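*Asks:* Questions regarding the structure given below will be posed in turn.
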Amino acid sequence: MGQTKATQERRMRGEERRALILAQAKTVFARTGYAQASIGDLARASQVTEALLYKHFESKKHLYLTVLQEAQNQMLSSFYERVERRASQDVLDALSNLLMEFRAAALADHEGMQIIVFASVVADDPLVIQIMEAYSAAMSAFVSQLLQKAQAQGLLPAQLDLVAATWGFLSLLIGLGERVRLHLTHQITEQTLREINRLWLHALRTG
């Protein structure tokens, strides 16, 4: 039997409410962090009761993990799209602008980036670790594939260790994340990022 119109409307309202809770929770977690955000704060931000929030998410941790996962998915999707657009025209240009495209993706979703960076604060949680490891693995695989493509086109030395090259880039991202976590973003200028990217790529091409 098909669902009645009333049932479909109730489900749609529930889906919309869940999406609203996630959006508002993202703002709260980005502003206060996981530990400081209470269920009351999260419910008030979404203008729902705590009981209704629990109807959609069994705990604050469940809500946080969902927000973290969605933030990572959005970040990866945005970064991939920007880099692939360049790579479709010129792989070397894409490699030359990796850090700038990451910066652009982060600025496009500042709250999401904050949540990803500050996830390290609760990194003793096995589920958080699992999500962060999956994020790192996805980023690593994407950069590695781009480097392989450049190597196949003769743009990088045949003897280049692609694993080391990939980890070199990931190390740059980790360093940038630490500066964000320590509120040192004023030191991350566009010029600085371009120079860091240039030095990384120069080392790959000449090393």
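The values are calculated or read from the model by the stated rules, or taken from the named source; none is laboratory data. Source: prediction; values computed, not measured. Cβ placement follows ideal geometry from the backbone for every residue including glycine, while neighbour counts extend to all protein chains displayed.
*Asks:* Quick one: which of Met132, Met139 is surrounded by 18 or more Cβ atoms within 10 Å (Cβ to Cβ) and at pLDDT below 95? Steps first, please.
*Replies:* On the way: Met139 fails: at pLDDT below 95.
Result: Met132 is the single residue among Met132, Met139 that is surrounded by 18 or more Cβ atoms within 10 Å (Cβ to Cβ) and at pLDDT below 95.
*Asks:* Among (1) surrounded by fewer than 19 Cβ atoms within 10 Å (Cβ to Cβ); (2) more than 24 Å from Lys26 (Cα to Cα), which single condition is Leu107 missing?
*Replies:* (2)
*Asks:* Another one. Taking the residues in segment 1-50 that are among the β-branched types (Val, Ile, Thr) and within 22 Å of Asp125 (Cβ to Cβ) as candidates, determine which candidate is modelled with the lowest pLDDT. Reasoning before the result, please.
*Replies:* At the first step, the residues of segment 1-50 found to be among the β-branched types (Val, Ile, Thr) are 4, 7, 21, 27-28, 32, 39, 48-49.
Add one more test, that the residue is within 22 Å of Asp125 (Cβ to Cβ), and what stays is 21, 27-28, 32, 39.
Values: Ile21: 95, Thr27: 97, Val28: 96, Thr32: 91, Ile39: 95.
Here the residue is Thr32.
*Asks:* Let me ask something else about it. For segment 176-207: of the residues being within 28 Å of Gly154 (Cα to Cα) and among the basic types (Lys, Arg), which is nearest to the chain's Cα centre (by Cα)?
*Replies:* Filtering first and then ranking leaves Arg194.
*Asks:* I'm trying to understand the selection: among the residues of segment 68-98, which are hydrophobic (A, V, I, L, M, F, W, C) and out of contact with any Ser or Thr (no Cβ under 9 Å at 6 or more places or on another chain)?
*Replies:* Let us first name the residues in segment 68-98 that are hydrophobic (A, V, I, L, M, F, W, C), namely 68, 71, 75-76, 79, 83, 87, 91-92, 94-95, 98.
Scanning segment 68-98 gives Leu68, Ala71, Met75, Leu76, Phe79, Val83, Ala87, Val91, Leu92, Leu95, Leu98.
*Asks:* Considering only residues of segment 149-158 that are under 28 Å from the mean Cα position of the chain (by Cα) and part of a helix (DSSP H, G or I), which is surrounded by the fewest Cβ atoms within 10 Å (Cβ to Cβ)?
*Replies:* We begin by selecting, within segment 149-158, every residue under 28 Å from the mean Cα position of the chain (by Cα); these are 149-151, 156.
Remaining after also requiring part of a helix (DSSP H, G or I): 149-151.
Numbers: Lys149: 15, Ala150: 22, Gln151: 18.
Here the residue is Lys149.
*Asks:* Quickly run through segment 49-78 and pick out the residues that are in contact with a helix residue (DSSP H, G or I) (Cβ under 7 Å, 6 or more places away or on another chain) and over 30 Å from Arg103 (Cβ atoms).
*Replies:* In the first step, residues of segment 49-78 are kept if they are in contact with a helix residue (DSSP H, G or I) (Cβ under 7 Å, 6 or more places away or on another chain); the result is 49-50, 53, 56-57, 60, 63-72, 74-76, 78.
Once the filter is applied, which keeps residues that are in contact with a helix residue (DSSP H, G or I) (Cβ under 7 Å, 6 or more places away or on another chain) and over 30 Å from Arg103 (Cβ atoms), segment 49-78 yields Thr49, Glu50, Leu53, His56, Phe57, Lys60.
*Asks:* A further question on this structure: Select, from Arg18, Arg13, Arg44, the only residue that is free of Cβ contacts under 8 Å to residues at least 40 places away in the same chain and within 24 Å of the chain's Cα centre (by Cα).
*Replies:* Details: Arg13 fails: within 24 Å of the chain's Cα centre (by Cα); Arg44 fails: within 24 Å of the chain's Cα centre (by Cα).
Of the residues listed, the single one that is free of Cβ contacts under 8 Å to residues at least 40 places away in the same chain and within 24 Å of the chain's Cα centre (by Cα) is Arg18.
*Asks:* Could you tell me whether any residue of segment 103-118 is in a helix (DSSP H, G or I), more than 14 Å from Met75 (Cβ to Cβ) and basic (Lys, Arg)?
*Replies:* No, segment 103-118 contains no residue that is in a helix (DSSP H, G or I), more than 14 Å from Met75 (Cβ to Cβ) and basic (Lys, Arg).
*Asks:* Could you list all residues from segment 190-205 that are loosely packed, with under 11 Cβ neighbours inside 10 Å and either in contact (Cβ under 8 Å) with a residue 40 or more places away in the chain or in contact with a helix residue (DSSP H, G or I) (Cβ under 9 Å, 6 or more places away or on another chain) (or both)?
*Replies:* Residue satisfying the conditions is Glu190 alone.
*Asks:* Cβ contacts < 6 Å: first residue farther than 18 Å from Leu204 by Cα, restricted to segment 122-145; second residue modelled with pLDDT of 95 or more and not charged (D, E, K, R), any location; separation 6+ or different chain. Result?
*Replies:* Short answer, once both residue conditions are applied: Leu127/Leu65; Ile131/Leu68; Ile131/Gln69; Tyr135/Gln72; Ala138/Leu76.
*Asks:* Which count do you get for residues in segment 159-188 that are part of a helix (DSSP H, G or I) and modelled with pLDDT of 80 or more?
*Replies:* Going through segment 159-188, the residues part of a helix (DSSP H, G or I) turn out to be 162-181, 185-187.
Add one more test, that the residue is modelled with pLDDT of 80 or more, and what stays is 162-178.
Counting residues in segment 159-188 that are part of a helix (DSSP H, G or I) and modelled with pLDDT of 80 or more gives 17.
*Asks:* Taking the conditions exactly as written (in a helix (DSSP H, G or I) and touching a His at 6+ places or on another chain (Cβ under 9 Å)), does Ala30 satisfy them or not? I'd like the intermediate steps shown before the answer.
*Replies:* Values: in a helix (DSSP H, G or I): yes; touching a His at 6+ places or on another chain (Cβ under 9 Å): yes.
Criteria met by Ala30.
*Asks:* Have a look at Tyr34, Tyr80 and point out the one that is closer than 30 Å to Gly154 by Cβ, of a type outside the set (Lys, Arg) and in contact (Cβ under 8 Å) with a residue 60 or more places away in the chain.
*Replies:* Numbers: Tyr34 fails: closer than 30 Å to Gly154 by Cβ.
Every option except Tyr80 fails the conditions.
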